[in-house]
Amino acid sequence: MKCNEFLNELTNYLDGALDARTKSELDEHLAWCHNCYVVCDTTRKTIEIYRNSELYELPDDLRTRLRSAIMSKCAAHKKSDPAAG
Amino acid sequence: MSTIQPNIEQPVSEEMQLVRRAKRGDTQAFEELVRRYDRNVFRIAQHITQNREDAEDVVQEAFLKAYSNLEKFQEQSKFYTWLVRIAVNEALMKLRRRKPERTVSLDEDVKTEDDSLPREVADWSPNPEQMYNQAELRDILTRTIQGLPAGFRTVFVLRDVEGLSTEETADALELSIPAVKSRLLRARLQLRDRLNRFFQKKASGDGDQ
């Protein structure tokens, strides 16, 4: 397996979406190709960092304000369009 | 090497019960759906728009649109996937209004300058969390994802941050599964490449180029 072939399967590999045979081919490539090992490892870390980052969490006060705005708009919509309610 | 697994598993039946109650006019049931997904919708919206006010608008507009179109929801997919589709469309519309000079579309084939194998291959060690404090790390992550094309950001946030499956992401974005996979691969590699500039450089100490 060549490095670019490995790269094409990287997403499936990280997602565990490969059949056993293809996975073992990729594992074998990783065992001797340090470059691909590092790319694979740092890509996995990239995903984990973003997943754990809590980058755009909704603050509680804003959350309450938004929900009350949504629900009052829904109530207004229900009144103006009884068929929908 | 460990694999990345989606982190959201919602019991469909309970969600559908709420949806059906909401369809019959039970606003409390709809409010429960809002509580359940408002944080997700906000995260997705802010990832796409990269603007806090726009993200707030998207949350309101997406839920209102879902409410007023509830009878059109066919129950063939999860309510959440349907809601995400509405939210993504609202967010992309905001982005188009804000950046009219640039085409923002999920359908355009986003070409990258170079999809070949990354050349810089030093590992990130110590872990980025140990190299930077929380505020620095947030700043790096925000600036890095902002630089990604909107079509890539959208696929990445749905698949990797929110944990939707490839099929659900394809459904929410009305893209084919190969298109989702291709965008996801390029999004992941571009983010990795950009983060590498921060995480590798510091790890290499005085070996700066």
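The values are calculated or read from the model by the stated rules, or taken from the named source; none is laboratory data. Keep in mind that this is a model prediction, so the values were computed, not measured. For neighbour counting, all protein chains shown are included, and Cβ atoms are generated from backbone atoms with ideal geometry for every residue, glycine included.
Tell me, which residue of region B:1-30 that is modelled with pLDDT of 75 or more and not in a helix (DSSP H, G or I) is farthest from residue B:69 (Cα to Cα)?
The qualifying residue farthest from residue B:69 (Cα to Cα) is B:26.
Going through A:54, A:28 one at a time, which residue ends up being in contact (Cβ under 8 Å) with a residue 12 or more places away in the chain, closer than 30 Å to residue B:127 by Cβ and surrounded by fewer than 16 Cβ atoms within 10 Å (Cβ to Cβ)?
A:28
For residue B:48, only one of the following conditions fails: (1) touching a residue at least 40 places away in the same chain (Cβ under 8 Å); (2) away from chain A (no Cβ under 11 Å); (3) in a helix (DSSP H, G or I). What is its number?
Status for residue B:48: all satisfied but (2).
Among the residues of region B:141-148, is any within 30 Å of residue B:73 (Cβ to Cβ), of a type in the set (Gly, Ala, Ser) and touching a residue at least 40 places away in the same chain (Cβ under 8 Å)?
no
When both residues are 6+ apart or on different chains and their Cβ atoms are under 6 Å apart, which pairs have a first residue that lies in region B:179-202 and is facing another protein chain (nearest Cβ under 10 Å), and a second that is hydroxyl-bearing (Ser, Thr, Tyr) and not in a helix (DSSP H, G or I)?
B:186/B:112
Could you give me the residue pairs with C-beta distances under 6 Å whose first residue belongs to region B:61-83 and is touching a residue at least 12 places away in the same chain (Cβ under 8 Å) and assigned by TED's automatic domain parsing to the domain that holds residue B:28, whose second residue is surrounded by fewer than 20 Cβ atoms within 10 Å (Cβ to Cβ) and part of a loop (DSSP other than H, G, I, E, B) wherever it lies, and which are 6+ apart or on separate chains?
Close Cβ pairs (under 6 Å, with a partner that is surrounded by fewer than 20 Cβ atoms within 10 Å (Cβ to Cβ) and part of a loop (DSSP other than H, G, I, E, B)) amount to B:82/B:73.
Give me a count of the residues in region B:146-156 that are over 14 Å from residue B:184 (Cβ atoms) and within 12 Å of chain A (Cβ to nearest Cβ).
So the count comes out to 1.
Within region B:139-183, track down each residue that is farther than 22 Å from residue A:12 by Cβ, of a type outside the set (D, E, K, R) and assigned to a helix (DSSP H, G or I).
B:140, B:141, B:142, B:144, B:145, B:146, B:150
Mind checking which residues of region A:41-57 are within 19 Å of residue B:152 (Cα to Cα) and facing chain B (nearest Cβ under 7 Å)?
Residues satisfying the conditions are A:42, A:43, A:44, A:45, A:46, A:47, A:49, A:50, A:51, A:53, A:55, A:56.
Please determine, by comparing only the residues of region A:58-76 that are facing chain B (nearest Cβ under 7 Å) and charged (D, E, K, R), which one is nearest to residue B:53 (Cα to Cα).
Per the stated criteria, the residue is A:63.
Just one of B:66, B:29, B:62 is of a type in the set (Gly, Ala, Ser) and more than 10 Å from chain A (Cβ to nearest Cβ); which is it?
Going through B:66, B:29, B:62 in turn, the sole match is B:29.
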